[in-house]
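Remarks on the structure that follows.
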Amino acid sequence: MQPDGILDQLCAKWPSVPVSAPLTAKDAGAPGAQYRLARAVVLLLGCSGARREEAARAMRCHLQPVAEQAGVPAGLWELALLGKRNKWRTVFLPPRVIGALRAHWTDRGHDFEQAEQALALLSPVVVPSTRTAQAKHLSQAEGALVLTGKGFSPDGLYQLLTTTLLRIADDVTLALNEAEREVLRQSAPHTLRHTFATHAVANEMPTDVLQRLLGHASLQTTSLYVRAERARGLAAVAKMYSDPL
C-alpha cells in the first residue's frame, strides 16, 4: 500500500471541520488534521514532482484551474512553482490533489476558494509551543488566536512528512504487512519526486516535457530516469529468459 492509500483510510476516521482555535498536540481532532495535512503533502509532491523547497513556498495565489479545452481532462489545475535559480515553472495537479488541499484548508479554518490569497498551500495545523513557532503561525483576530497560514520551512515540511509516516509504520493496530510498513518508513519528499518521474517515464511522457515539469536545467539529468526505466525493463526480460528453453 502506498502512503496516500493508508492516509486515505486514516483520514476517513475523522471529519474535516473548520477549527475554532489552533490545534495543540493534545486536541482530539489533531490526528485527523495531521493526517489530512500529510495526505495533502504526499499527493502534491507525488503528483507534481515538486521539490520540498518548492512545495514549502507554494501559495494559493499560485494555483488556478486549467481552462476547459479539447483533449484535456476536466478538473486539472495548474500550479506555478519557484524552483532553483529563481526560475518559475508550471506543474499540473489532478482533482484528487485539490480535494486534499481543500480538506487541509478546512482544518486550518481558511477559505480555499479565495484564489488571490498569499497564504501557503501547506501550513501547520498543530503549532509547537516554542516562541518562534507561535510568533510565525499564530495571530490575534477579534480577541482569539487564529492560524496565520504561513508555510513550513523546507526542513519543517520534511520533518512533518517523515514523522507522520513513521508513526503510521510503527502503529501495530493498523493492518499493514512488513513490506507496506517499509514503504512508509522509506518515503520522503525526494522519494515522491522520484516516484512521479518514474511513473511519467513508464507512461511514455516525452523527456523534454518531463524535464520542464521537474525543473531540471539539463536534459541529461532527466534522461537518468529514462535509462533507469530501460535497465528495469532489461532486468525483467533477462529474468524471464534466464531459464533455458
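The values are calculated or read from the model by the stated rules, or taken from the named source; none is laboratory data. Note that the structure is predicted; figures quoted are calculated from it, not measured. We place every Cβ from the backbone using ideal geometry, glycine too, and count neighbours over all the protein chains shown.
For the reader, a short list of remarks on this structure follows.
- Annotation: of all residues in the stretch 154-190 being polar (S, T, N, Q) and surrounded by 16 or more Cβ atoms within 10 Å (Cβ to Cβ), the one that is modelled with the highest pLDDT is 162.
- Scan of the stretch 140-153 for residues that are crowded, with 18+ Cβ neighbours inside 10 Å and either charged (D, E, K, R) or part of a strand (DSSP E or B) (or both), ordered by number: 146, 147
- Matching residues in the stretch 51-79 - criterion: being assigned to a strand (DSSP E or B) and surrounded by 16 or more Cβ atoms within 10 Å (Cβ to Cβ): 59, 63, 77, 79
- Evaluated against (1) surrounded by fewer than 17 Cβ atoms within 10 Å (Cβ to Cβ); (2) over 17 Å from residue 58 (Cα atoms), residue 111 falls short on exactly one condition, (2).
- All of 91, 72, 97 fail the test of being over 27 Å from residue 35 (Cα atoms) and β-branched (Val, Ile, Thr), apart from 72.
- Of all residues making up the stretch 164-214, the number that are in contact with a Ser or Thr (Cβ under 7 Å, 6 or more places away or on another chain), under 27 Å from residue 126 (Cβ atoms) and touching a residue at least 60 places away in the same chain (Cβ under 8 Å): 1
- Scanning the stretch 90-112 for residues that are touching a strand residue (DSSP E or B) at 6+ places or on another chain (Cβ under 6 Å), among the hydrophobic types (A, V, I, L, M, F, W, C) and not in a helix (DSSP H, G or I) turns up 91, 92, 93.
- Scanning the stretch 170-215 for residues that are of a type outside the set (A, V, I, L, M), assigned to a helix (DSSP H, G or I) and over 23 Å from residue 156 (Cβ atoms) yields 178, 180, 181, 182, 198, 199, 207, 208, 211, 212.
- Yes/no for residue 17 being in the same structural domain as residue 179 (by TED's automatic domain parsing), part of a helix (DSSP H, G or I) and either in contact with a Ser or Thr (Cβ under 9 Å, 6 or more places away or on another chain) or at pLDDT 90 or above (or both): no
- The listed residue being in contact (Cβ under 8 Å) with a residue 60 or more places away in the chain and either within 22 Å of residue 84 (Cβ to Cβ) or in contact with a Gly (Cβ under 7 Å, 6 or more places away or on another chain) (or both), out of 161, 138: 161
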